[in-house]
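Report on the following structure.
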Amino acid sequence: MEEKKDKGYSSGVHDVMTHATPPGKNQRFIRNDQYFTVCVYTFILVVFCAIAIKAIVSFSETQAFVGGMFRAIAPFLIALLIAYILTPFVRALQRFFHNQCHMKSEKLSMILAMVIVYVLGLGMIIMVLIYVLPEIVRNLIDLVNYIPAGYDELMGFLEQMQERFPNVDFSSFISMLQNTQSELTSGLRSIAADLIPVLYTASVSVVQWLANFLIAVIVSVYMLYGQASLKRMLRIVFYAFVPKKRIDGMKEVLLECNSIFSKYVVSKMIDSLIIGILCAILMSILRMPYILLISAVVGVTNMIPYFGPFIGAVPGIVIILVIDPVKALIFAFMILCLQQFDGLFLGPKLMGSSTGMKPIWIIFAITIGGKFFGVLGMFLGVPVVAIFSYLAERYMRYRLEKKGMEIESI
C-alpha cells in the first residue's frame, strides 16, 4: 500500500512538472467567472457609494440637478400619467366595439376608442376653462370685495352684543379682528408692491405649463397607440433579468399591484367628480352663494379619504357663515348627507374592495403621505400603502406555507 501511494505521489509530481510552463514563457490567463462577478459587483458598489457621498456632500447641487431633470422629463411623466389613467376607458370602449358592434379590426377599434376618449376628455377641459374657471374667478373676486363689508358687519354685530350683554367681555374678539384686519391690509400692500413680478412669473409658468401639457397629450397618444410595443419591450426586459423560476410569481404580483393602484386612482377620481357635480346641483337648488367655487373645493378634497370631506366643508361653511349663518347650517347638513351617500352607496359601488384596507391603515397612509408629500401624498398614500400591505401579506403566506401553516388557521 505504501509503495502504491509513493508511486502515485511521484507520478502526480512528475505530471505537474512535465506540464508546468517553463520560466520566461508567457503563461496563459485562466478565467474565473466567480472572481470576475465579484469584481464587477465590487466596482458597481464603489461607484454607487462615490455617487452617494458626492450627492450628500453637495446636496444643493444635487437638489438643483434632480429638479432640472424632473422639469426636463415633466412632459413625459405627465404623458405617462395621462396614458395610465385613460387606458381603462380605452380598453372598455375597445371591448364594446368588439363585442357589441362586432368590429373585427383591432387597430380600427383602438383608434376609434382613443378618438372618443380624447375628444371627451379635451371637451371637458375646454368646458371647464370656458365656463367653470371664469365663474370661480368671479366668485373669488366677489368674495374679496365682500371682505370689508363683512368685516364691518361682524364688528357691528359684536358691538351690539357688547351693549346687549355688558357682563360678557367681547373686547378680545374685537381686538383679534382688528389685528387680523391690520395684518391683512399690510399683506395686501406687500402683494400689491410685488404684483408685477408675480404676474410675470405666473404668466411664464402658465405658458410653460400649457406647453408641457400639449407635449404630454401628444406623447400620451403615442404611448396609448403603441402600448403593445411598449409592453413587449417591458416583457423582454422582465424576462431577461428575472430568474426563470420566479417569472410567474413576479408577473402575478406586478399585475395585482397595478390593479390595486389603477382601480383606486380611477375610481376615486370618478367618485370625486360626481360628488362635486352633486354638490353644485344641491347648492343651486338651495340658492347658496359661490356655488362653483365651493363645489370645486368639495370635489377636489373629496379625493382624500376620510379627512377630505371635512377639509372641503370647512372653507364653504366659513364663507357662507359670513354671509348667512342659517345657510351655513343648511350647507353643513347638506355636506353631511352628501358624504354619507358617498361613503355608504357611491364609493362602494365605484371602488368596491380596491384596497381592502382597514380604516386605521388608511388613516396611517393619509397622515404619513400628507406629512412628507402634502396633498398629493394624502391622495396617493392609500394605494401605495395598500400595495405594501398586499406584498407583506403575500410574503407572510409564503413564509407560513413553508412551515405547513395558513394565515386563516392562525
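Tabulated data
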{"quantity": "Among the candidates MET405, MET334, residue that is buried (at least 19 other Cβ atoms within 10 Å of the Cβ) and either modelled with pLDDT of 75 or more or not polar (S, T, N, Q) (or both)", "calculated": "MET334"}
{"quantity": "Qualifying residue in segment 135-146 (condition: aromatic (Phe, Trp, Tyr) and at pLDDT 80 or above)", "calculated": "no"}
{"quantity": "Residue count for segment 96-122, restricted to those that are loosely packed, with under 12 Cβ neighbours inside 10 Å and either within 22 Å of the chain's Cα centre (by Cα) or under 19 Å from SER259 (Cα atoms) (or both)", "calculated": "1"}
{"quantity": "Residue count, segment 93-121 (criterion: under 17 Å from VAL221 (Cα atoms) and either hydroxyl-bearing (Ser, Thr, Tyr) or in contact (Cβ under 8 Å) with a residue 12 or more places away in the chain (or both))", "calculated": "13"}
{"quantity": "Checking MET269 against (1) touching a residue at least 24 places away in the same chain (Cβ under 8 Å); (2) on the phi > 0 side of the Ramachandran plot; (3) of a type outside the set (Val, Ile, Thr), the condition it does not meet", "calculated": "(2)"}
{"quantity": "Matching option when the condition is among the aliphatic types (A, V, I, L, M), surrounded by 13 or more Cβ atoms within 10 Å (Cβ to Cβ) and farther than 30 Å from ILE147 by Cβ, among ALA365, ALA296", "calculated": "ALA365"}
{"quantity": "Selected residue [of a type in the set (Ser, Thr, Tyr), modelled with pLDDT of 65 or more and over 35 Å from the mean Cα position of the chain (by Cα)] from THR37, THR21", "calculated": "THR37"}
{"quantity": "Positions within segment 123-165 being of a type in the set (A, V, I, L, M, F, W, C), exposed (fewer than 12 other Cβ atoms within 10 Å of the Cβ) and over 27 Å from LEU292 (Cβ atoms), in sequence order", "calculated": "PHE157, PHE165"}
{"quantity": "Criterion violated by ASP324 - all others in (1) touching a Ser or Thr at 6+ places or on another chain (Cβ under 7 Å); (2) more than 18 Å from TYR264 (Cα to Cα) satisfied", "calculated": "(1)"}
{"quantity": "Residue among ALA64, ALA72 that alone is exposed (fewer than 15 other Cβ atoms within 10 Å of the Cβ), farther than 20 Å from ILE218 by Cβ and either of a type in the set (Ser, Thr, Tyr) or modelled with pLDDT of 80 or more (or both)", "calculated": "ALA64"}
{"quantity": "Pairs, first free of Cβ contacts under 8 Å to residues at least 60 places away in the same chain in segment 221-236, second of a type outside the set (D, E, K, R), C-beta under 8 Å, six or more apart", "calculated": "LEU230/MET223"}
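The values are calculated or read from the model by the stated rules, or taken from the named source; none is laboratory data. As the structure is a computational prediction, the values presented were derived from the model and not from experiment. Positions of Cβ are backbone-derived with ideal geometry, glycine not excepted, and every protein chain shown enters the neighbour counts.
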